[in-house]
Amino acid sequence: MTENFEENTMLDEHMNQVFDWSDSDMPIRDALWDYYMQSNAKDTIKTEEAMKKYLDMSDSDIKADAEKLLKK
């Protein structure tokens, strides 16, 4: 049995391709991970829990949340 996975989501897009305010070539997934790692005092378990919600979010919700958290 094969499972179908989305091959590309908003999480895989590079920050500078999605946001005109970013010059980072980092994928949104990695930028959010770094944000939560800093917020959770580098606790991987807490960061993993915080990131799980993005698996069920729409691309527009991911984009809005990333902009709210990451825009400086």
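Nothing in this text is a laboratory measurement; each read-out follows from the coordinates by a stated rule. Quantities reported herein were computed from a predicted structural model and do not represent experimental measurements. Quick reminder, even Gly has a Cβ in these numbers, built from the backbone with ideal geometry, and neighbours come from all protein chains shown.
Loop sites by DSSP among the chymotrypsin sites (Phe, Trp or Tyr not before Pro) of the chain, restricted to those with at most 12 other Cβ atoms within 10 angstrom, leave 22-72 as the longest stretch without any of them. Springs between Cα atoms under 10 Å define the GNM used for the chain, and in it the highest mean-square fluctuation of 50, 31, 41 occurs at 41. Give me D for the chain in µm² s⁻¹, whole number, from Stokes-Einstein with Rh from the Kirkwood sum over alpha-carbon pairs, 10 °C and 1.306 mPa s. Calculated translational D: 124 µm²/s. Sort out the exposed loop GluC sites (Glu not before Pro) in the chain (DSSP loop, at most 14 other Cβ within 10 Å) and tell me the longest stretch that has none. Longest gap between qualifying sites, sites excluded: 8-72. In the chain, helices alone account for a calculated mean residue ellipticity at 222 nm of -14500 deg cm²/dmol, with every DSSP H run of four or more residues adding -39,500 (n - 2.57). Distance between the 7 Å Cα→Cβ label points at residue 61 and residue 25: 3.2 nm.
Computed 3J(HN,Hα) for the range 32-40, one whole-Hz value per residue from the Karplus formula 6.51 cos²θ - 1.76 cosθ + 1.60 where θ = phi - 60°, is 5, 4, 4, 4, 5, 4, 5, 5, 9, glycine and proline marked x.
Counting Lys and Arg as +1 and Asp and Glu as -1, each charge on the Cβ, what is the dipole of the chain about the Cα centre in debye, to the nearest 20?
Numbers: 9 positive and 18 negative charges, 89 e Å.
Computed about the Cα centre, the dipole is about 420 debye.
In this simple spin-label approximation, residue 43 and residue 18 carry label points 7 Å from Cα along the Cα→Cβ vector, and these lie 2.5 nm apart. In order along the range 41-53, phi translates into HN-Hα couplings of 6, 6, 8, 4, 5, 5, 5, 4, 4, 5, 7, 4, 4 Hz, rounded to whole numbers, per the Karplus curve 6.51 cos²θ - 1.76 cosθ + 1.60 with θ = phi - 60° and x for Gly and Pro.
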